[in-house]
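Some notes on the structure that comes next.
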Amino acid sequence: MKKIGVLAVQGAFIEHEKMLTDLGCSCTEIRKRSDLCSLDGLVLPGGESTVQGKLLQELELFEPLREIILSNTPVLATCAGLILLAKKLSNDPNVYFATLPVMVKRNAYGRQLGSFHCTAGFAGYRDVEMAFIRAPYIEVAEPVVEVLATVDEKIVAAKYRNQLGLSFHPELTDDTRVHEYFLSLSGS
Ligand code: GLN
């Protein structure tokens, strides 16, 4: 059984846990340093990236999580999680883990009207359900990054080594294929 750590300091973490448990994983909520253990995968959920970034520092989780990301453990980062991974933000001076070589635009669809559902191809799967909530998108992906999904010509999913960054929330739909793809990534 795979053991997946789900960052649980703020945001939509319970929905990831439910989906991963339904797919046969055991989930560990990460709220403090002592919750960290050897993991087969890490989820950085959606929420508010500025709040999450602050809490990660206050709880002294930032450095150990960055080490886990750099250690090649598969990482699924949705929405605010994508913002935390991005090397650069185009409309915000903050950077957080800076481990994913992309430039991300926060609230890229507008603050109020930026929430919508759609379906699009993802990593060879057709018509994957995607829920966007005040979502970012990837404006620039360095050539080493694999683009896994686009919507209206904007990059909404990308992979670099062990890191999978999504603009949207697959955990808020009934479609489990993005989580299955994440679980198929190997940590080695
Ligand atoms: N707008 C949020 C941010 O900038 C991200 C939204 C989300 O995670 N659904 O952090």
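Tabulated data
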{"read-out": "Net charge dipole size for the chain [Lys, Arg +1 and Asp, Glu -1 on Cβ; Debye, nearest 20]", "value": "380 debye"}
{"read-out": "Within the chain, percent of DSSP bridges classed antiparallel, to nearest 5", "value": "55 percent"}
{"read-out": "Extreme residue, positive dipole direction of segment 1-153, given options A108, A120, P143 (C-beta unit charges)", "value": "A108"}
{"read-out": "Rg(Cα) / (2.2 N^0.38 Å) computed for segment 99-143, rounded to two decimals", "value": "1.30"}
{"read-out": "Charged-residue dipole, Cβ positions (Lys, Arg, Asp, Glu), segment 126-188 about Cα centre, Debye nearest 20", "value": "200 debye"}
{"read-out": "Potential extension, R33-S71 segment - 0.36 nm per residue separation minus Cα distance", "value": "12.0 nm"}
{"read-out": "5 angstrom amide H check on T28, placed H, neighbours 5+ away", "value": "I4, G5, V6"}
{"read-out": "Rounded FRET efficiency, nearest 0.05, which uses the C-beta distance separating S26 from V95 and R0 of 35 Å", "value": "0.65"}
{"read-out": "Centre separation in Å (Cα based) which lies between segment 7-41 and segment 149-180", "value": "18 Å"}
{"read-out": "The chain, Rg to Rh (Cα coordinates; Rh as Kirkwood inverse mean 1/r)", "value": "0.92"}
{"read-out": "Sequence-distant residues sharing a close amide H with V128 (under 5 Å, placed H)", "value": "A120, G121, F122"}
{"read-out": "Of all accessible heavy-atom area on segment 1-77, the percent that carbon and sulfur account for (1.4 Å)", "value": "51 percent"}
{"read-out": "Calculated from backbone phi, Karplus (6.51, -1.76, 1.60) coupling profile of segment 145-153 in Hz, x at Gly/Pro", "value": "8, 8, 7, 9, 7, 10, 9, 6, 6"}
{"read-out": "Cα convex hull of segment 49-137, projected area averaged across orientations, nm²", "value": "6.5 nm²"}
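The values are calculated or read from the model by the stated rules, or taken from the named source; none is laboratory data. Computed from a predicted model, the values in this text were never measured in an experiment. Counting neighbours? That spans all protein chains shown, and the Cβs are built from the backbone with ideal geometry, glycine included. Note: accessible area is taken over every heavy atom of the protein model, side chains too, but ligands, DNA and RNA are not part of it. Shrake-Rupley method; radii C 1.70, N 1.55, O 1.52, S 1.80 Å.
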